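Nothing in this text is a laboratory measurement; each read-out follows from the coordinates by a stated rule. For clarity, every value in this text was computed on a predicted model and none was experimentally measured. Virtual Cβ from ideal backbone geometry, glycine too; neighbours counted across all protein chains shown.
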Amino acid sequence: MGYAMRKVKVDDLVGNEILALPIVSDNDIVLIHADVVLTSDLITRVRNIGLYEIYIRDDKVEEKKVDILPKSNVPEHIYKVEETMEDSKVVVKSVLEKHIYKHNKDLWQIGQEAEKIINSVLEEPEVVTNITEIRNVSTDMYTHCLNVCSLSTIMALRLKMSEKQVRNVSIGAILHDIGLRYVNVPYIDITEKEMNKKDSLEYRNHTVYGYSSIQDESWISDTSKEIILMHHERIDGTGYPFGQTGDKLKLEVKLVSICDEFDSLISGIGNKKLKIYEAIEFLKINSGVKFDAAITNKLLESVAAFPVGITVITDKGEKGVVVRQNKDYTDRPVIRMTFHSDGTPYEENVEKNLMTELTMFIIDTE
């Protein structure tokens, strides 16, 4: 039973291979799940982690016994929220691309996908406290909606919201940008301030368009509808469409607005695309100003500024690859050094823990 797999060198990968066994960090966090199609970006990430060989699926040969990785290297629990999101994207994209304003015959299917994301998190509660490595950078509006849904769901559980609140958050989050289907202005890698006045007004209308397109759906709660309508409101009253202040915004709305802003910043949806650590700095600056401080701080505790596998540049001009995180200090990881400041490669295997290398700082990423 099952499928055949074979071990290959990372340098021999050409792209479109299917990963047979998950790639796992030293602290048993799944970095890349099994059955994921390997893109050029993922292959680069595998190489940066320091792996030389991996197992890929080989459906063209008869199944045979292979040298399975030691059981100690494979965690008992593989986080399925990202796998669920990948499957859900097909459904979400299909439904929304066919969606005609206020004609919602198939829209309920997206609600089902939100339920799947909730269940995948609830089945594996450890993911709630291990989200520092979850990094699925959006490339389109559909992936963005799913990222916001999964992050909002995880955060709702971390905030110990009720079952009803978690469901309202998930449904509202997965549909929060449905109104973007009805605006005809460019919004990728551009800020509202960079848009001309006409385009900016049209872009801002996506919240109202989204709400009015689903307002008669009885299966969507009032709270979820408020999330769709008001996810761009800010607690200081500078948001839209109503300019409401924090005391008039529900906790669920505040939560999704923060998760939406974070993913929008790193994906370039209605924003200039930023690096993850830059987006984190933006949230830090605006915590308690534009965004609810308690929720923002809880998110900042959970997201790694420098995820495993990313190449970083230090203040000494050296380069390295993040290999592990330090719990509670997500901006001070352990890095494996790759290049000296003069550009020559490290010949030996050198790891530097930024919790002990107190005079070393990361100043940028590649």
Worksheet, complete the sentence: Exposure proxy check on Ile174, Ile258, Ile118: fewest-to-most Cβ neighbours within 10 Å is Ile118, Ile258, Ile174
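Counting only other residues whose beta carbon sits under 10 Å from that of Ser152, what net charge do I get with K and R as +1, D and E as -1?
Numbers: positive: none; negative: Glu252, Asp260, Asp263.
Neighbour charge sum, excluding Ser152 itself: -3.
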Response to the item:
Sorted by chain and number, the residues with a modelled amide H under 5 Å from that of Gly237, at a separation of 5 or more or across chains, are Gly246
Fill in: Distance (nanometres) between label positions extended 7 Å along Cα→Cβ at Arg181 and Glu357
4.9
Worksheet item: What ranking of Met195, Met155, Met355 emerges when the number of other C-beta atoms within 10 Å of each C-beta is taken as an exposure proxy, fewest first?
Response: Met355, Met195, Met155
Fill in: Least to most buried among Thr359, Thr143 (fewest other Cβ within 10 Å first)
Thr359, Thr143
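Here is the link list: Lys9/Lys352; Lys284/Lys316; Lys7/Lys116. Which ones come out longer than 29 Å on Cα distance? Don't skip to the end; give the middle numbers.
Numbers: Lys9/Lys352 27 Å; Lys284/Lys316 25 Å; Lys7/Lys116 32 Å.
Cα-Cα > 29 Å for Lys7/Lys116; rest within.
Net charge around Leu255, counting only other residues with Cβ within less than 15 Å of its Cβ (Lys, Arg = +1; Asp, Glu = -1)? The partial results should precede the final answer.
Working: positive: Arg158, Lys160, Lys164, Arg167, Arg234, Lys250, Lys254, Lys290, Lys298; negative: Glu226, Glu233, Glu252, Asp260, Glu261, Asp263, Asp292, Glu301.
So the surrounding residues net to +1.
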Item to complete: Apply the Karplus parameterisation 6.51 cos²θ - 1.76 cosθ + 1.60, with θ equal to phi minus 60°, to every residue of the stretch 276-286 and state each ³J(HN,Hα) to the nearest whole Hz, in sequence, with x for glycine and proline.
Response: 4, 5, 6, 5, 5, 4, 4, 5, 4, 4, 9
